[in-house]
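Input: a single structure, listed below in structure tokens.
The values are calculated or read from the model by the stated rules, or taken from the named source; none is laboratory data. Only a predicted model underlies this, so the values are computations on that prediction, with no experimental measurement involved. We place every Cβ from the backbone using ideal geometry, glycine too, and count neighbours over all the protein chains shown.
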Amino acid sequence: MKKCNYVFLILLIFLTSCAGLTDKENQKQQTVSIYKDVPVRELPSKDGKWVSKLSLGETLYFLGEEVVDSSDNNREYLKVELSDGKVAWAMSYGLIVNAKIAAVKESVPVYERPDLVTLTKNEFNAMDILAIEETKDNWIKVVGENKKIKGWIKQGVVTENKEDVAVAILASKQLMKNGEIILEKIEEFLENLPYKNSFFIGYIKSQIVNEEVEEAPAEEVSEEEVVEEPIEETKMEEASEEVETDEVVEE
């Protein structure tokens with residue numbers, strides 16, 4: 001009897017442990033960094049040892065714990081697990097919990113709600129980085145870089161492909177200034193790019209073609225060509241007048 005109780009007790013402890021692990025797994029929520037250089041510390045405090053910083057577009061996991069540092073303007077920290085498995089605390093301002101990272105494939109307007117009549121003045125441009133919070137019908141709820149733009153956009157205009165996101169982020173650092181692509185840097189950027197199958201390679205190359213078309217000189221017309229046409233018309237008119245004069249004389 002005692003042996004049975006002992007076995008039952010061990011089984012109970014095992015099941016409880018498994019349940020605890022399951023709860024912890026369920027508490028993990030995929031989270032993305034929508035800012036660059038988000039601080040990560042060992043403890044949720046400004047005095048906590050520096051661990052690292054999060055890059056724009058980086059994916060990690062929120063472990064369900066939040067702490068406010070009252071000694072530092074009530075800054076909020078989230079307990080997170082980084083992609084290398086390290087557990088630490090990251091400042092919440094730069095994170096979007098329960099979200100996926102994506103990059104915009106083409107210019108798209110932003111709506112206040114998933115309804116065409118709620119169009120705003122905001123828009124996302126190609127290679128902008130955003131976090132996808134929610135999907136509804138053929139709409140997605142998004143938050144842009146630095147949380148400057150929030151709202152709903154139509155599905156199909158973003159890519160969640162990791163290489164596409166990486167190329168868009170690299171382009172923002174190395175290839176763009178004030179939101180515009182620096183054409184002189186395109187060749188070097190593409191040559192050193194480690195991701196050769198990204199959707200955005202074609203888009204970046206197209207910027208060179210578009211620039212060449214815009215700068216192509218208009219076809220010049222020589223002065224001789226411009227003068228020749230009216231001269232020929234004048235000769236025809238004179239010839240016509242001579243014929244009419246001859247006819248009058250004959251009569």
Which one of Val67, Val80 is touching a residue at least 40 places away in the same chain (Cβ under 8 Å), surrounded by 15 or more Cβ atoms within 10 Å (Cβ to Cβ) and either hydrophobic (A, V, I, L, M, F, W, C) or in a strand (DSSP E or B) (or both)? Val80
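Okay, residues lined up against (1) at negative phi; (2) over 11 Å from the mean Cα position of the chain (by Cα):
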{"site": "Asn74", "(1), (2)": "no, yes"}
{"site": "Ser83", "(1), (2)": "yes, yes"}
{"site": "Val143", "(1), (2)": "yes, no"}
{"site": "Asn178", "(1), (2)": "no, yes"}
Test: residue in the range 33-48 that is in contact with a Leu (Cβ under 8 Å, 6 or more places away or on another chain), aromatic (Phe, Trp, Tyr) and not assigned by TED's automatic domain parsing to the domain that holds Val143: yes
Would you call Val167 of a type in the set (A, V, I, L, M) and either in contact with a Leu (Cβ under 8 Å, 6 or more places away or on another chain) or over 28 Å from Ser206 (Cα atoms) (or both)? yes
Within the bounds of the range 102-122, is there any residue that is outside any strand (DSSP E or B), outside the structural domain of Glu133 (by TED's automatic domain parsing) and either in contact (Cβ under 8 Å) with a residue 40 or more places away in the chain or surrounded by 16 or more Cβ atoms within 10 Å (Cβ to Cβ) (or both)? no
Reported set for the range 29-43 where residues are in a loop (DSSP other than H, G, I, E, B) and closer than 23 Å to Ile149 by Cβ is Ile34, Tyr35, Lys36, Asp37
